[in-house]
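The values are calculated or read from the model by the stated rules, or taken from the named source; none is laboratory data. Computed from a prediction, not measured in an experiment: that's the story for all the values here. Don't worry about glycine lacking a Cβ; one is built from the backbone with ideal geometry, like all the others, and counts go over all protein chains shown.
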Amino acid sequence: MPVSLVVMADTHVPKRARDLPRALWAAVDAADLVVHAGDWVDVALLDVLEQRSRRLLAVHGNNDHGPLRERLPEVARAEVEGLRMAVVHETGDARGREERCAARFPDTDVLFFGHSHIPWNTTTGTGLRLLNPGSPTDRRRQPHGTFVTAVAADGVLSEVTFHPVAR
């Protein structure tokens with residue numbers, strides 16, 4: 001049975017925005033699995049996402065402290081519809097990312113990550129897919145904020161869509 005996902009990272013609520021964009025909340029409410037790749041900043045968003053999500057797979061980021069570090073791991077893993085997923089906040093510099101991640105996550109099909117706020121969607125020579133959804137609240141050098149929706153089924157991540165978020 002296909003599993004719908006919404007993927008986000010670097011939300012920085014309430015420092016960069018008071019709340020998540022409405023379009024992202026609608027995607028959360030519709031998704032079977034919500035993935036958050038860290039940098040929440042405040043535990044209040046974690047509490048709300050836990051309540052509203054059917055299932056949450058999440059990690060802490062470099063800007064997360066206290067209760068967020070106590071409640072969330074540095075790396076999270078799950079197998080969903082035969083797809084081996086991992087989530088981590090930081091993967092290091094863009095140069096050499098594919099090789100580093102393939103070596104660090106050899107038994108993973110998809111690695112969701114954040115930190116840079118820059119959308120990323122590549123596949124390594126070993127077949128590991130690397131996906132950074134960008135940030136829905138802090139676009140940095142990007143034209144707009146972003147989050148991702150996708151579908152996991154039969155060991156494949158498909159229908160990967162980067163959704164722009166207006167300022």
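Number of residues in segment 8-41 that are part of a loop (DSSP other than H, G, I, E, B), among the charged types (D, E, K, R), out of contact with any Gly (no Cβ under 8 Å at 6 or more places or on another chain) and modelled with pLDDT of 95 or more: the value is 1. Residues of segment 14-32 that are in contact (Cβ under 8 Å) with a residue 24 or more places away in the chain and of a type in the set (Gly, Ala, Ser): ALA17, ALA23, ALA27, ALA30, ALA31.
Among the numbered conditions (1) surrounded by fewer than 21 Cβ atoms within 10 Å (Cβ to Cβ); (2) of a type outside the set (Gly, Ala, Ser); (3) at positive phi; (4) touching a residue at least 60 places away in the same chain (Cβ under 8 Å), the only one that GLU159 does not meet is (4). Being touching a residue at least 60 places away in the same chain (Cβ under 8 Å), in a helix (DSSP H, G or I) and within 16 Å of the chain's Cα centre (by Cα): is that true of LEU46 here? It is false that LEU46 is touching a residue at least 60 places away in the same chain (Cβ under 8 Å), in a helix (DSSP H, G or I) and within 16 Å of the chain's Cα centre (by Cα). In segment 142-167, of all residues being assigned to a loop (DSSP other than H, G, I, E, B) and of a type outside the set (Gly, Ala, Ser), the one that is modelled with the highest pLDDT corresponds to ASP154. Checked against the criterion of being of a type outside the set (A, V, I, L, M), at pLDDT 95 or above, surrounded by 14 or more Cβ atoms within 10 Å (Cβ to Cβ) and not in a strand (DSSP E or B), the candidates ARG84, ARG100, ARG139, ARG77 yield just one match: ARG100.
Taking the residues in segment 142-156 that are under 13 Å from the mean Cα position of the chain (by Cα) and surrounded by 19 or more Cβ atoms within 10 Å (Cβ to Cβ) as candidates, determine which candidate is farthest from ALA23 (Cα to Cα). The selected residue is ALA150.
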